[in-house]
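> Dropping the structure in here first, questions after.
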Amino acid sequence: MKRQGGFRRGTRSKLKKSHRDKGKISQRNFFQKLELGDRVKLTAEPAYHGGMYFPRFHGRVCVVCEKKGDCYCVNFKDKDKEKTLIVHPVHLTKVE
């Protein structure tokens, strides 16, 4: 059977911005530089679709492992399996 719905189906709360944050995308987040080994949180920027991860991984804390073009490869563990995503920096928030 063919899959019903698209990439953003069922993500109303995950991809919703607060009233204060609506509007232009932050240039500071768009061009942020990350170092290898930095811990980052996956927080989607709904206004920019490029380099977005699958919404199931929203809120995960990952480790930056390499840079690919403008994007970063991030690793995290999903139960026992190690997974790698290629994500644009606008969708990443640095964790201290």
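> Taking amide H positions as placed in the peptide plane 1.01 Å from N, state which residues far from Arg60 in sequence (5 or more) or on other chains have amide H under 5 Å from it.
Leu42
> Also, quick follow-up: With just the Cα atoms of the stretch 6-96, tell me how far they stretch along each of the three principal axes, in Å, largest first.
Extents along the principal axes: 35, 28, 25 Å.
> While we're looking at this one, here's another question. Quick one: the Cα spread of the stretch 1-45 along its three principal axes, in angstroms, biggest first?
If we take the Cα atoms of the stretch 1-45, the spans are 43, 30, 14 Å.
> Same structure again: First measure r as the distance between the Cβ atoms of Cys65 and Leu15, then evaluate 1/(1 + (r/R0)^6) with R0 = 25 Å and state the FRET efficiency to the nearest 0.05.
Details: r = 25 Å, r/R0 = 1.01.
So the FRET efficiency works out to roughly 0.50.
> Would you work out the relative contact order for the chain, in percent, from Cα pairs under 8 angstrom that are 6 or more residues apart?
About 30 percent, as a whole number.
> Output ³J(HN,Hα) for the stretch 56-70: one whole-Hz value per residue in order, computed from phi by the Karplus curve 6.51 cos²θ - 1.76 cosθ + 1.60 with θ = phi - 60°, and x for Gly and Pro.
4, 8, 4, x, 5, 9, 10, 10, 6, 10, 6, 10, 10, x, 8
> With a Förster radius of 25 Å, plug the Cβ-Cβ distance of Lys24 and Thr93 into 1/(1 + (r/R0)^6) and report the FRET value to the nearest 0.05. Don't jump to the answer; show the numbers that get you there.
On the way: r = 18 Å, r/R0 = 0.71.
For R0 = 25 Å, the calculated efficiency reads 0.90.
> Moving on. Let me know the volume per residue of the alpha-carbon convex hull for the stretch 44-96, in Å³.
Residue-normalised Cα hull volume stands at 84 Å³.
> A follow-up question, please. So which trypsin sites (Lys or Arg not before Pro) in the stretch 29-96 pass both tests, a DSSP loop state and at most 12 other Cβ atoms within 10 Å of the Cβ?
Within the stretch 29-96, the qualifying trypsin sites (Lys or Arg not before Pro) (loop, at most 12 other Cβ atoms within 10 Å) are Lys33, Lys79.
> Here is a further query. Among the lysines, which have Cα under 30 Å from the Cα of Lys24 when same-chain residues fewer than 8 positions away are ignored?
In chain and number order, the partners are Lys14, Lys16, Lys33, Lys41, Lys67, Lys68, Lys94.
The numbers here are math on the coordinates, done by the rules we state, and not lab data. Since the model is a prediction, treat every value here as computed from it, not as a measurement. In this analysis, Cβ positions are derived from the backbone assuming ideal geometry, glycine residues included, and neighbour counts consider all displayed protein chains.
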